[in-house]
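The structure appears below as structure tokens.
The values are calculated or read from the model by the stated rules, or taken from the named source; none is laboratory data. Everything quoted here is computed from the prediction, not taken from an experiment. Note: ideal-geometry Cβ built from the backbone for every residue, glycine included; neighbour counts use all protein chains shown.
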Amino acid sequence: MTTNNLDIKAFLDQDQKKDLLRLLTAGSVDDGKSTLIGRLMFDSKMLYEDQLAALERDSKRIGHAGEDIDYALLLDGLKAEREQGITIDVAYRYFSTAKRKFIIADTPGHEQYTRNMITGGSTANLAIILIDATKGVITQTRRHTFLVSLLGIKHVVLAVNKMDLVDYKQKVFDDICADYKNFVTQLDIPDVEFIPLSALKGDNVVEISTNMPWYHGKSVLEFLEAVHISSDRNYADFRFPVQYVLRPDRDFRGFSGQVASGIVKPGDTVMALPSRKTSKVKSIPTYDGNLKKAFPPQSVTLVLEDEIDISRGEMLVNPDNLPRMERHFEAMLVWMDETPMDLSTQFFLKQTTNTTRTHIDMLRYKVDVNSLEKSEVEKLTLNEIGRAVLTTAKPLFFDPYKKNKSTGSFVLIHPVTNNTVAVGMILDKLDSKNLPSRISDIDKEAIKKGKSLVSTESRQKKMNQKGATLWFTGLHGSGKNELAFSLEKSLFENGATAVLLDGSSVRSGLNRELDYSPADRAENLRRVAHVAKILNDQGIIAICSFISPNDAIRNQVADIIGKEQFHLFYMEASLEYCRNNKPELYEKAEKGEADNVPGVDLDYDAPANAVLTFNPAENELNIDRILDYLEENKVFPLK
């Protein structure tokens, strides 16, 4: 191998070992975020010649820096950004120095792009918050500092920019620092560094400026190269969410995933959650050989000594240091969807490699990100932040977000649109006994009266139908049952919720002690009517198929159910047609072996007020007629 090749290899090996710092920039519009990053890359000689030529050309054509080079154009790539001189979306840039590698997220300053800042800062170790020296600490500064605190970022650089516009006066800088300190003490940010600079002129960006001899700290780049972040990672609590079970052949079984926190070594005892079965780590194999240990954020495969049934979404942990295992918890939510929050929606919650159903029990308060004031609201809208109580369908394995970002964060996904509607940071578990009561005093009064706490409108909206009773009348053998059962199947296939009640089903259980005398027939239908009403009140369509031989009985049924919910259908069939359809029954009735058979020894009055009358020979057409009728009368579907 030649000397040049050895030098390149040594350089690449050294570069591979460099620490990586992820940071974001935040600040109000035109505070100079993009200019600062561009200047960092320019002064640290991280730009290629063609990039420099394009930057100089674009600065003259569309720049916003006068005769100077507009370094913001290195970051503002969108056409709309360049036209307005603002940042709209998150721009990521990578560069490195001899000491460290950097990934910078240039986030928007506008309040309407709060969700973009949350996205850009979700993986950041450090935040640079810019302040315009001519304006001082403003509402946007407080807002971005609160968001940085919410994201658990522990290191903040307060970059007081545009010092050249205030003649590099120390008093201006000191006043801004004092004002910011009064605010930041309310938040959990342990490390704050104050640096005066001019991004446009390059003062204190890469080199210490001679224009501010009163400043004795580091330049921005010097601080970024030196800031200690390795201790920010959680190496104490071993958490390994299983992403994939690796089985390349029958002799190998490994569990692949990313180490979320902690350190794991061969020989360590681990516990699988939720089964709580334990084993020891046999090896950590890689393409280049077995590892002696694994730590965050490495993606590895763990091989255990014992055969344990573990699948995606489960977690390997230290048995002496378990995470929370709860269904109830409190979290800060950042709402990211154009559609406002709906507490009645059951969302999908994705946390580490685990996905489950969840609902928001209540919203405790909304935080005004500009003033930090808390207010009670019923829902969050786009870019709003609030504290909520959530309950999941199955237990989550988590740590509070401040302790462990990886296991303490999650996203909410809408079950219909599949949009990510919110991101969440778990505060801590919530015992079931401390769950908020969702029953108000008004609700308690309703319960005493036996009234449902779910409104009719809510049921209709969710089920896309109105509760109604579709009552089919006709003689034995007329074909009303065939039509009723066919209708139930058709409604089900179309997405409706319907329950069918017929003579055979209710007389085999609910009304088994009743006979077929006129009095017991009336009692049978009275009970059926009350069941149908209960179903209708729950928003369900009740399909009832009963002879109900006269208007007096049918009117009584309609009164019980409610005439606005009662829809009478008549299956018109001749006695001869019915005899041919059920010959055994009619033969018994004519021989006197069966009593009270309508049409033989009991009168049957054809209804005069049926909303639809059917010919049994046209069953398919009859179903279509009923479906059209339900749609026209806004029973199903409602939309």
- Considering each residue of the range 478-502, count those that are farther than 18 Å from residue 567 by Cα, without any contact (Cβ under 8 Å) to a residue 60 or more places away in the chain and in a loop (DSSP other than H, G, I, E, B), and give that number. 0
- Query: Taking the range 299-339 only, how many residues are outside the structural domain of residue 388 (by TED's automatic domain parsing), β-branched (Val, Ile, Thr) and in a loop (DSSP other than H, G, I, E, B)?
  - Reply: 2
- Task: Could you grab me the full set of residues in the range 96-136 that are polar (S, T, N, Q) and at pLDDT 85 or above?
- Result: 125, 134
- Note on the structure: The correct count of residues that are of a type in the set (Val, Ile, Thr), farther than 22 Å from residue 235 by Cα and touching a residue at least 24 places away in the same chain (Cβ under 8 Å) in the range 397-416 is 2
- Only one of (1) surrounded by fewer than 17 Cβ atoms within 10 Å (Cβ to Cβ); (2) modelled with pLDDT of 95 or more is not met by residue 543, so which one is it? (1)
- A careful count of residues in the range 287-312 that are surrounded by 19 or more Cβ atoms within 10 Å (Cβ to Cβ) and under 22 Å from residue 357 (Cα atoms) gives 1
- Is there a residue being closer than 19 Å to residue 467 by Cβ and outside any helix (DSSP H, G or I) anywhere in the range 503-513? no
- Which one is nearest to the chain's Cα centre (by Cα), of the residues in the range 208-242 that are surrounded by 12 or more Cβ atoms within 10 Å (Cβ to Cβ) and in a helix (DSSP H, G or I)? 232
- Message: Need pairs with beta-carbon distance below 7 Å; first residue in contact (Cβ under 8 Å) with a residue 60 or more places away in the chain and within the range 114-129, second surrounded by fewer than 24 Cβ atoms within 10 Å (Cβ to Cβ) and among the charged types (D, E, K, R); sequence gap 6+ or separate chains.
- Response: 123/22; 124/22; 125/22; 125/232
- Item | Answer residue from the range 331-364, given it is surrounded by 21 or more Cβ atoms within 10 Å (Cβ to Cβ) and of a type in the set (S, T, N, Q) and is nearest to residue 410 (Cα to Cα) among those | 351
- Message: Residues that are under 25 Å from residue 495 (Cβ atoms), at least 1 per element: which helices (runs of 4 or more DSSP H) completely within the range 550-639 meet that?
- Response: 551-561, 619-632
- Task: Out of 495, 467, report the one residue that is buried (at least 21 other Cβ atoms within 10 Å of the Cβ) and either farther than 19 Å from residue 599 by Cα or not assigned by TED's automatic domain parsing to the domain that holds residue 534 (or both).
- Result: 467
- Task: Could you please find all residues in the range 139-158 being outside any helix (DSSP H, G or I) and within 23 Å of the chain's Cα centre (by Cα)?
- Result: 151, 152, 153
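Just to verify a result, which residue in the range 516-540, among those that are small (Gly, Ala, Ser) and modelled with pLDDT of 95 or more, is nearest to residue 630 (Cα to Cα)?
532
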- Of the residues 573, 594, which single one is touching a Leu at 6+ places or on another chain (Cβ under 7 Å) and at pLDDT below 85? 594
- Message: Please pick out the residue among 355, 269, 345 that is assigned by TED's automatic domain parsing to the domain that holds residue 412 and more than 25 Å from residue 378 (Cβ to Cβ).
- Response: 355
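Can we say residue 244 is in contact with a Lys or Arg (Cβ under 7 Å, 6 or more places away or on another chain) and either assigned by TED's automatic domain parsing to the domain that holds residue 397 or not small (Gly, Ala, Ser) (or both)?
Answer is yes for this residue.
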- Message: I'd like the full set of residues that are of a type in the set (S, T, N, Q) and either crowded, with 18+ Cβ neighbours inside 10 Å or touching a strand residue (DSSP E or B) at 6+ places or on another chain (Cβ under 6 Å) (or both), limited to the range 601-639.
- Response: 613, 622
- Task: Scan 505, 517 and give me the residue that is touching a residue at least 60 places away in the same chain (Cβ under 8 Å), in the same structural domain as residue 577 (by TED's automatic domain parsing) and hydroxyl-bearing (Ser, Thr, Tyr).
- Result: 517
- Set 367, 317: member being under 29 Å from residue 20 (Cα atoms) and surrounded by 14 or more Cβ atoms within 10 Å (Cβ to Cβ): 317
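Per-residue answers, yes or no, for (1) crowded, with 20+ Cβ neighbours inside 10 Å; (2) in a loop (DSSP other than H, G, I, E, B); (3) not assigned by TED's automatic domain parsing to the domain that holds residue 343:
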{"site": "372", "(1), (2), (3)": "no, yes, no"}
{"site": "397", "(1), (2), (3)": "yes, no, no"}
{"site": "411", "(1), (2), (3)": "no, no, no"}
{"site": "416", "(1), (2), (3)": "no, yes, no"}
{"site": "426", "(1), (2), (3)": "yes, no, no"}
- Residue list for the range 365-413, restricted to those being of a type in the set (Ser, Thr, Tyr), at pLDDT 90 or above and over 30 Å from residue 242 (Cα atoms): 365, 375, 381
- Query: Only one of (1) modelled with pLDDT of 90 or more; (2) at positive phi fails for residue 450. Which number is that?
  - Reply: (1)
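Taking the conditions exactly as written (closer than 18 Å to residue 486 by Cβ, in contact (Cβ under 8 Å) with a residue 40 or more places away in the chain and crowded, with 16+ Cβ neighbours inside 10 Å), does residue 581 satisfy them or not?
Numbers: closer than 18 Å to residue 486 by Cβ: yes; in contact (Cβ under 8 Å) with a residue 40 or more places away in the chain: yes; crowded, with 16+ Cβ neighbours inside 10 Å: yes.
Considered against the rule, which asks whether it is closer than 18 Å to residue 486 by Cβ, in contact (Cβ under 8 Å) with a residue 40 or more places away in the chain and crowded, with 16+ Cβ neighbours inside 10 Å, residue 581 comes out as yes.
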- Item | Hits in the range 444-477 - residues which are out of contact with any Leu (no Cβ under 6 Å at 6 or more places or on another chain), within 30 Å of residue 579 (Cβ to Cβ) and either without any contact (Cβ under 8 Å) to a residue 12 or more places away in the chain or of a type in the set (Phe, Trp, Tyr) (or both) | 472
